[in-house]
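Every number in this text was worked out from the coordinates using simple rules, so none of it is lab data. What you are looking at is a predicted structure, and each value in this text was computed from that prediction instead of being measured. Reconstructed Cβ throughout: ideal geometry from the backbone, glycine too, with neighbour counts over all protein chains shown.
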Amino acid sequence: MKLYDQVREKLRLLHYALDTEKTYLRWIDQYVRFHKVGDIWRHPRELREPEVEAFLTHLAVDRRVAASTQNQAFGAVLFLYQRVLEVDLGRVEFLRAKRPERLPVVLSAEEVRRVLAAFGRYTTKAVHSRPLSLTPSDQNRRALKLLIFPICHWLTQTEPVERNLSQTQPACGIGR
């Protein structure tokens, strides 16, 4: 049985999603093609940790993929070795793609004052008419949408407040 058929069969046997199957097969195909030299194809059974490390480092350095993309590729290759080929790779160390630094989305005190002034009694009514529980529900989501979307729209239509953008990320498009 061909390698891709073995992978597909194992994924279906373990009830993986169809999208996961397609994604894993694409990554395994790229992994195999990465190690093709001229007209010579090398079966993954011949490849070990150094080749896996080379492929994953190539993704981060040469292709500059996101960290989540590199992790997805690693998961696919790991699945190939552990579940399909039943080969223990041992410790695989490779250059990790850099995760972007996330800045908090916040409103300054002045922006909060402007929002509350603009929505006045509507904001108060929406917030105080019924306490929002911490458990997600359709009613809570609707209430939050009714409150948040107009605020975001209003904020994008007004002049941005001067602030240090290196410390905070603008909310709803302010400062973009």
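Between amide H atoms placed 1.01 Å from N, distances below 5 Å from residue 95 occur with 57, all of them 5 or more places distant or on a separate chain. Pull out a ≥ b ≥ c, the square roots of the eigenvalues of the alpha-carbon gyration tensor of segment 7-80, then state rounded if a/c is under 1.5, prolate if not and a/b is larger than b/c, and oblate in the remaining case. Oblate is the answer for segment 7-80, as a/c is 1.5 or above yet b/c matches or exceeds a/b. In a simple Cβ point-charge model (Lys, Arg +1; Asp, Glu -1; nothing else charged), segment 51-100 has a dipole of about 360 debye relative to its Cα centre.
Maximal additional length on extending the residue 42-residue 63 stretch stands at 5.4 nm, based on 0.36 nm per residue less the C-alpha distance. Here the simple spin-label model places points 7 Å from the Cα toward Cβ, and for residue 49 and residue 71 these points are separated by 2.3 nm.
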